[in-house]
Structures are given as structure tokens and as C-alpha cells.
Amino acid sequence: MSAVRVLVGTRKGGFVLTSEGSRRRWKVAGPFFGGWEVYHMKGSPADPDRIFASQSSGWFGQVIQRSSDGGRTWETPGGGPTKSDQGMPMGESNKFVYDTSAEMGRPLTTHQWYDGTQHPWEFKRVWHLEPSLTDPDTVFAGVEDAALFRSTDGGRSWHELSGLRGHGTGPNWSPGAGGMGLHTILLDRGNPGRIFVAISAAGAFRSDDAGRTWKPINRGLRSEYIPDPDAPVGHCVHRIAMHPSRPETLFMQKHWDVMRTDDAGETWREVSGDLPSDFGFPIEVHAHEPDTIYVVPIKSDSEHFPPKARLRVYRSRSGGGDWEALTRGLPQRNCYVNVLRDAMAVDSLDPCGVYFGTTGGQVYVSANAGDSWSPAVRDLPPVLSVEVQTLP
Amino acid sequence: MIRVVLPYHLRNLAQVGNEVSVEVDGEATFGSVLDALESRYPALRGTIRDHATRKRRPFLRYFACERDWSLDPPDTPLPEAVASGREPLLVVGAIAGG
């Protein structure tokens with residue numbers, strides 16, 4: 001009997017929702033880390049009971065939490081009274097320090113600030129945790145100010161993959177109003193050296209050597225809110241999604257425009273088609289149909305709520321261009337919630353389940369690939385992220 | 001023993017009660033008390049002082065003996081009442097909604 005575990009990060013803690021494969025009745029556990037912002041929680045594909053969580057607070061900074069029992073209990077890796085061989089206390093798990101080493105060969109000191117001046121990189125929080133596809137002790141962290149870190153010891157210690165910030169365009173990256181965060185990390189099961197990341201507001205980047213070197217992959221993106229709309233970097237990419245069976249094809253929800261590439265980011269083309277608005281945050285791919293994709297259109301960058309106050313997921317079965325509104329079970333009047341970039345996910349059951357969380361605290365579930373929806377829970381704090389684990 | 005009162009969220013993080021006690025080798029200063037606190041409760045590293053800069057996080061203050069010591073240098077000796085354990089050092093978070 002299969003089951004589903006949904007990991008929900010909110011403004012005031014983390015929650016774990018569980019259901020049998022029918023996805024009709026849900027148990028809600030939490031809040032974990034109550035009162036803290038939980039930007040993201042994600043389980044390891046190599047060991048589903050291994051879950052990482054990013055817990056942060058304006059008062060106390062960043063804390064990494066780890067569960068080894070499917071989210072029932074949590075620990076701060078390295079945070080206990082453990083002593084190293086030298087007798088010094090451990091507790092490095094929350095330490096994200098930017099690489100300033102000489103071997104980088106170029107200064108990594110500043111990026112563009114809101115007013116156009118250069119500004120030092122300052123660590124603020126972890127936006128996204130991406131566990132390795134094969135090793136439960138290896139996990140990547142996308143952070144604000146934008147950088148990529150990796151832990152190979154289960155979250156005890158973190159080291160920057162500084163080739164990303166150091167490849168040359170870093171001084172041209174700038175924050176959006178929500179900060180300059182690295183929010184998307186995509187790993188390719190068939191090509192362990194390949195990593196895609198996306199940053200607001202810099203764009204998408206690709207490494208083909210496991211994170212050592214990087215290049216921008218933004219050709220074809222056009223953003224009217226930057227001085228050069230076709231610039232190599234500076235685009236506010238909101239989210240990228242990939243189907244594991246077709247890793248050269250990526251789908252992107254940008255700050256305006258839904259985009260697609262079929263050559264691993266070398267060129268992008270717009271597939272917004274007949275969407276009522278091509279502004280939005282999340283984008284997701286069906287678990288079994290690589291050309292079936294989902295977005296949640298938002299009215300505009302100035303009004304972050306659904307067009308005409310009707311919450312609608314849009315589905316394309318043709319890889320973009322042609323879209324259908326999915327409305328059954330979703331509020332179709334007086335709805336002013338948003339769906340944030342990391343707050344949509346799919347399970348791998350058949351039919352595919354689709355999940356998303358709102359800033360109004362609802363987590364909606366479709367057990368039939370989007371044809372109809374129902375809330376698994378509806379009064380949580382504002383939802384920041386949703387991830388799904390399909391369990392045997 | 002030096003007594004330290006932590007804010008609610010840090011008590012939960014360190015899995016301790018309202019007040020903890022730490023010992024300091026040598027002269028007890030505000031900096032050395034925080035070093036000892038982080039040594040005994042490594043989960044607190046980075047939560048009171050920034051990992052990289054070692055500066056006090058901006059939403060936290062240090063109070064003791066009815067005085068705000070937040071802006072005093074880390075090598076400032078503790079007041080005798082705190083060093084002797086008669087009074088606690090309070091780590092206090094800024095008041096805010098939510």
C-alpha cells in the first residue's frame with residue numbers, strides 16, 4: 001500500500017501531512033520549529049526518512065534541521081554536545097561562510113545593490129535544500145545572498161561551490177524586492193556532473209562538472225525591467241522545472257513569461273500561449289508525462305493575487321503554448337492568495353498527484369493530475385514551500 | 001557558575017529550561033560567557049552572534065543588573081553580581097508581533 005508524505009514549510013513552522021495512496025484523508029503533524037520561518041523541507045531520494053529543513057528567523061539567523069525518521073524527530077546536525085578529535089565543540093551546521101580563498105583567482109566581494117552601487121555579499125538564509133539523488137548525507141543549499149553550498153556530512157558542515165559566484169557575472173547580479181536568493185537546484189540523474197540553478201534576479205546557470213565551473217544560460221529570455229532586456233544576466237527567474245526522463249528540456253516561470261528550452265538552457269523560447277497572465281511563481285511537470293506542465297497565473301508583479309480573484313491552476317499537455325484552466329474544487333470568487341515559487345510539487349503515484357500551498361495557509365491536493373482539487377489542510381500559516389514524498 | 005537567561009526560541013533550540021549555567025576559564029567577560037555558552041550548547045552557535053563576524057545579531061540585546069550592555073566591547077568584564085552568580089545575564093530578543 002503506497003502512501004504520500006507532504007512537507008510544508010510556512011512562515012511559522014514546518015508541517016508534515018501524510019495520507020494513504022488514495023490521498024483523501026490527511027493527518028497533519030506539527031508545527032515543527034514553531035514560530036520560525038521554514039523556507040524549505042525536502043527528503044532524500046536515497047533515503048526517504050532522511051529529511052532536511054531550513055529554519056530561520058530575523059532574530060536568530062539560520063538553523064539547519066535534519067530528521068532521520070521521516071519527520072517525527074529532528075536534530076541540528078553537529079549541534080549536540082559532540083567534541084571533535086581536538087576536543088573542540090562541533091556545531092558548524094548553521095555556518096554558511098562565503099568562499100574568499102585565493103584559489104578562486106578573482107575577488108568575490110560585491111554584487112549590484114538596489115541603487116546600482118556594488119554591495120558586499122551577506123548571508124541571510126537558506127531558501128532551498130536539494131538532497132543528492134544517491135547519497136543521503138549529501139545535500140545542496142541555495143542561499144540568500146545568492147550562492148550554492150554543499151554538505152557531504154549530513155548537514156554538519158557546509159562549503160560553498162564558489163565557481164558559481166566567481167564565474168564572472170556575479171557583480172551584475174542584483175536582488176529583487178524579496179532578496180537575492182538561489183531558489184532552484186535541479187540535479188540530473190543520468191548525468192551526475194550536471195546541475196542547474198536559478199537566482200532572482202540573475203537568471204539560470206548550468207554546471208557540467210558537478211558545480212566547479214558555471215555559465216549563464218539565459219539566451220532567449222527578455223525582461224523589460226532591466227536596462228538591456230536581452231542581457232546575459234539580470235533576469236528574475238522565479239522557478240525552473242525538469243522531468244527526469246528528459247533532462248535537456250526545462251520549463252521556466254519567469255517574472256513575466258513562461259519559457260521552455262530543449263537544449264539544456266542554450267536557448268529559450270516563450271510558451272506562455274493563451275495563459276490569462278504569464279506572471280506567476282511556481283512551475284511543475286507531471287510525474288509521468290514530460291510534456292504536461294502546471295503553472296498558477298498571478299495577475300501582475302504589482303498585484304500578487306489570481307486574475308479576477310479566481311484561483312486556477314493552468315495545465316498544458318503540449319509542453320506549453322496551449323493551456324487549460326483547472327478550477328474544480330478551487331475558490332472561484334473573492335480569492336486573493338498567492339502561490340510562492342517553491343510551493344508546488346507532484347507525487348509519483350498513478351494518477352499523478354499535484355499539490356500546492358498558498359499564502360492563505362491552504363494546501364490543495366489533486367489526486368487526478370489536476371482535474372479536481374481539495375484542501376488537505378486549510379488554516380496553516382502562509383505556505384512558503386511544498387514538497388512531496390511518495391512512499392512504498 | 002554564571003547564569004544566562006535565554007529567549008524562548010533559543011531555549012527550545014538548545015533543549016534547555018529558562019536558565020542555564022556555564023563556567024568560564026579565566027576572566028569572565030561578555031565575550032567569554034558567550035564562548036562558553038556556545039561551547040556547551042553548539043546549536044546556539046550563530047544564533048546570538050553571527051558566525052562569520054562574531055557580532056551580536058541586531059535583534060538581540062544583553063541586559064544585566066538593570067543595564068543594557070549590548071554596545072559594550074566583548075572583552076568588558078561581567079558585573080560582579082553576574083560573575084558571582086547572584087544575578088543572571090539576560091539575552092533578550094526585540095519585541096515584535098507574530
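The values are calculated or read from the model by the stated rules, or taken from the named source; none is laboratory data. Keep in mind it's a predicted model, so treat the numbers as computed, not measured. As a convention, Cβ positions derive from the backbone with ideal geometry for all residues, glycine included, and neighbour counts pool all protein chains shown.
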- Item | the stretch A:50-66: number of residues that are out of contact with any Gly (no Cβ under 7 Å at 6 or more places or on another chain) and of a type outside the set (S, T, N, Q) | 3
- Query: Inside the stretch A:255-277, can you point out the residues that are within 25 Å of A:S302 (Cβ to Cβ) and outside any loop (DSSP other than H, G, I, E, B)?
  - Reply: A:V258, A:M259, A:E270
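The rows are residues; the columns are (1) over 20 Å from A:V38 (Cα atoms); (2) not β-branched (V, I, T).
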{"site": "A:D145", "(1), (2)": "no, yes"}
{"site": "A:T152", "(1), (2)": "yes, no"}
{"site": "A:N172", "(1), (2)": "yes, yes"}
{"site": "A:R189", "(1), (2)": "yes, yes"}
- Query: Among the numbered criteria (1) free of Cβ contacts under 8 Å to residues at least 24 places away in the same chain; (2) out of contact with any Asp or Glu (no Cβ under 8 Å at 6 or more places or on another chain); (3) exposed (fewer than 15 other Cβ atoms within 10 Å of the Cβ), which single criterion is violated by A:G193?
  - Reply: (2)
- Applying the selection to the stretch A:111-139, what residues are touching a residue at least 60 places away in the same chain (Cβ under 8 Å) and part of a strand (DSSP E or B)? A:H111, A:Q112, A:R125, A:V126, A:W127, A:H128, A:L129, A:E130, A:P131, A:V139
- Mind checking whether some residue in the stretch A:224-232 is under 19 Å from A:V143 (Cβ atoms) and either among the aromatic types (F, W, Y) or touching a Leu at 6+ places or on another chain (Cβ under 9 Å) (or both)? no
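This table checks each residue for (1) surrounded by fewer than 14 Cβ atoms within 10 Å (Cβ to Cβ); (2) within 14 Å of another protein chain (Cβ to nearest Cβ); (3) in a strand (DSSP E or B); (4) at pLDDT below 95.
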site	(1), (2), (3), (4)
B:P73	yes, no, no, no
B:E87	no, no, no, no
B:I95	yes, yes, no, yes
B:G98	yes, yes, no, yes
- Query: Based on what the data block shows, is A:D301 within 30 Å of A:G13 (Cβ to Cβ) and among the acidic types (D, E)?
  - Reply: yes
- Message: Being part of a loop (DSSP other than H, G, I, E, B) and more than 25 Å from A:R333 (Cα to Cα) is the filter here; which residues of the stretch A:278-318 pass it?
- Response: A:H286, A:A287, A:H288, A:E289, A:P290, A:D291, A:T292, A:R317, A:S318
- Message: Quick check on my filter: what residues within the stretch A:240-255 are β-branched (V, I, T) and more than 16 Å from the chain's Cα centre (by Cα)?
- Response: A:T249
- Mind listing just one residue for me: the one in the stretch A:23-71 that is more than 10 Å from chain B (Cβ to nearest Cβ) and free of Cβ contacts under 8 Å to residues at least 12 places away in the same chain and, of those, surrounded by the fewest Cβ atoms within 10 Å (Cβ to Cβ)? A:R25
- Query: Is at least one residue of the stretch B:35-48 within 13 Å of chain A (Cβ to nearest Cβ) and in contact (Cβ under 8 Å) with a residue 40 or more places away in the chain?
  - Reply: yes
- Write out, first by first residue and then by second, each pair whose Cβ atoms fall under 8 Å of each other, whose residues are 6+ apart or on separate chains, and whose first residue, in the stretch B:4-16, is within 16 Å of A:G58 (Cβ to Cβ) and facing chain A (nearest Cβ under 9 Å) while the second is among the hydroxyl-bearing types (S, T, Y) and assigned to a loop (DSSP other than H, G, I, E, B). B:L10/B:T47; B:L13/A:T76; B:L13/B:T47
- If B:V82 satisfies every condition in (1) modelled with pLDDT of 95 or more; (2) outside any strand (DSSP E or B); (3) surrounded by fewer than 16 Cβ atoms within 10 Å (Cβ to Cβ) but one, which is the exception? (3)
- Residue check, B:E66 against (1) modelled with pLDDT under 95; (2) at positive phi; (3) not small (G, A, S), all met but one. Which one? (1)
- Task: For B:T53, indicate whether it is more than 10 Å from every other protein chain (Cβ to nearest Cβ), β-branched (V, I, T) and over 14 Å from B:V92 (Cα atoms).
- Result: no
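Which of the residues spanning the stretch B:22-55 are assigned to a strand (DSSP E or B) and more than 16 Å from B:E80 (Cα to Cα)?
Correct list: B:R49 only.
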- Query: Can you name every residue in the stretch A:4-16 that is buried (at least 24 other Cβ atoms within 10 Å of the Cβ) and more than 14 Å from chain B (Cβ to nearest Cβ)?
  - Reply: A:V4, A:V6, A:L7, A:V8, A:G9, A:F15
